[in-house]
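Enquirer: A single structure is presented below for examination.
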Amino acid sequence: MPESHEVVIVGSGPAGLTAAVYAARADLEPVVIEGLGAGGQLMLTTEVENYPGFPEGIMGPDLMLRFREQAERFGTRFITADADRVDLSRAPFTVDVGGTEYQGRSIIISTGASAMMLGLEAEERLLGHGLSTCATCDGFFFRGHEIAVVGGGDSAVEEATFLTKFASKVTLIHRRDSLRASKIMQDRALNNPKIEMLWNSTVTALHGDDKLSGATVRNVETNVETVLPFTGLFVAIGHRPNTDLFKGVLDMEDSGYLITRPGSTYTNIEGVFACGDVQDHTYRQAITAAGSGCMAAIDAERWLEANHTG
């Protein structure tokens, strides 16, 4: 027999764990399918200095552990495995995890998004140690450094422009000879004396054992490779929301982000809510994810109360 719950939360980053704290304190006894990659993108981050309440900063995994302990304190139950399938065709909704079914009168989806990477051998080792996917998270650590941004869209140009507040020089590496970014963003970058463009180029290798010391850049037209001594490299080639489980079921944008009703976390299916980076391609911060996790739990609690059948 499947286990039955008031609310099942799928995902365990800042959004899912905050939703769990609020749901647990509302006596909804949530179960969190936290996944094998529990904790979300902050598990790949070293120092977090912009989360309120930690004036000295905190390591990303430590922050997530505190989130989890707080949710657990109020009675949240955790399943450390990935969800294999979901059935949202009728209530109670079902989440299948390794052959065990968890039923929920309501579902909160907080599966997050994954930064698209370059596919280089040293990425995993250097992520958080000079290699980053978030300028607003990590830019402060590169004050006075010569760094690079990989990408050519609005996000890449925005990150490069933001990083000029800290870095002495920012090289924008793009595989083509023109940017894909909007005209106004292009103008900002091309007219910024701190930004240098490196056209028709790709990064083929990263250097450094425990800290980034440089990158090999290949010109795609001449195939000439050059090692450049960057101490920081920001990958800005896009994010991919983790929404494969919900394709064809929940409304989503062409990019895969779930669509929620404005001013709420309601999806197109009553009783199913979405929060965090899985539905936010604008801010993508731990604090905004946590805020939307709070919203999802409150939305779910109120929906359950309004649809009480027992």
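Nothing in this text is a laboratory measurement; each read-out follows from the coordinates by a stated rule. What you see is a predicted model; the values in this text were computed from it and never measured. Note: ideal-geometry Cβ built from the backbone for every residue, glycine included; neighbour counts use all protein chains shown.
Enquirer: Could you compute the net charge surrounding Thr76? Neighbours are other residues with a C-beta less than 15 Å from the C-beta of Thr76; K and R count +1, D and E count -1. Present the calculation step by step, with values, prior to reporting the outcome.
Expert: Working: positive: Arg25, Arg66, Arg68, Arg73, Arg77; negative: Glu3, Glu6, Asp27, Glu29, Glu34, Glu69, Glu72, Glu301.
Within the 15 Å Cβ shell, the charges total -3.
Enquirer: Further, regarding this structure: For region 226-310, which trypsin sites (Lys or Arg not before Pro) are both in a DSSP coil and crowded by at most 13 other Cβ atoms within 10 Å?
Expert: Loop-located and lightly packed - Lys247.
Enquirer: Could I ask something else about it? With axes computed from alpha carbons, what is the tilt in degrees of helix 14-25 against the longest principal axis of the chain, rounded to the nearest 10 within 0 to 90?
Expert: With both axes taken from Cα atoms, the answer is about 20 degrees.
Enquirer: Quick one: go through region 7-47 and flag any residue whose amide nitrogen is under 16 Å from the point 7 Å out along the Cα-to-Cβ line of Asp82.
Expert: 10-13, 33-41
Enquirer: As a check on your grasp of the helix formula, calculate [θ] at 222 nm for the chain: sum -39500 (n - 2.57) over DSSP H runs of n ≥ 4, divide by the residue count, round to the nearest 500.
Expert: Theoretical 222 nm ellipticity from helices: -7000 deg cm²/dmol.
Enquirer: If you don't mind, there's one more thing I want to ask. Using a 4.7 Å cut-off between beta carbons, which cysteines in the chain end up with no partner cysteine at all?
Expert: If one checks each Cβ against the other cysteines of the chain, Cys275, Cys294 turn up with nothing under 4.7 Å.
Enquirer: Hey, what angle do you get for helix 154-163 against the long axis of the chain, alpha-carbon based, 0 to 90 degrees rounded to 10?
Expert: In the chain, helix 154-163 runs at an angle near 70 degrees to the longest axis.
Enquirer: Test of the criteria: in region 226-310, which GluC sites (Glu not before Pro) are in a DSSP loop and have at most 14 other Cβ atoms within 10 angstrom of their Cβ? Can you show the working numbers first?
Expert: Working: sites: Glu253, Glu270, Glu301, Glu305; in loops: Glu253, Glu270.
Those satisfying the criteria are Glu253, Glu270.
Enquirer: Still on this structure: Remind me, relative contact order of the chain in percent, using alpha carbon pairs under 8 angstrom and six or more residues apart? Kindly include the intermediate steps, with their values, before the conclusion.
Expert: On the way: 726 pairs, mean separation 64.1, N = 310.
Relative contact order, the chain: 21 percent.
Enquirer: Quick one: helix 286-306 against the long Cα principal axis of the chain, what's the angle to the nearest 10°, folded into 0 to 90?
Expert: Orientation of helix 286-306: about 20 degrees from the principal axis.
Enquirer: Continuing with this model, one more query. For region 25-106, state which GluC sites (Glu not before Pro) are in a DSSP loop and have at most 15 other beta carbons lying within 10 Å of their beta carbon.
Expert: Sparse-neighbourhood loop GluC sites (Glu not before Pro): Glu49, Glu56.
Enquirer: Which value, in debye to the nearest 20, describes the size of the charge dipole of the chain about its Cα centre when Lys and Arg Cβ atoms bear +1, Asp and Glu Cβ atoms bear -1, and nothing else is charged?
Expert: Value, rounded to 20: 720 debye.
Enquirer: Let me ask you something else. State the answer as a single residue: which of Ile259, Pro229, Ala300 lies farthest towards the positive end of the charge dipole of the chain, with beta carbon charges of +1 for Lys and Arg and -1 for Asp and Glu, about the Cα centre.
Expert: So the residue we want is Pro229.
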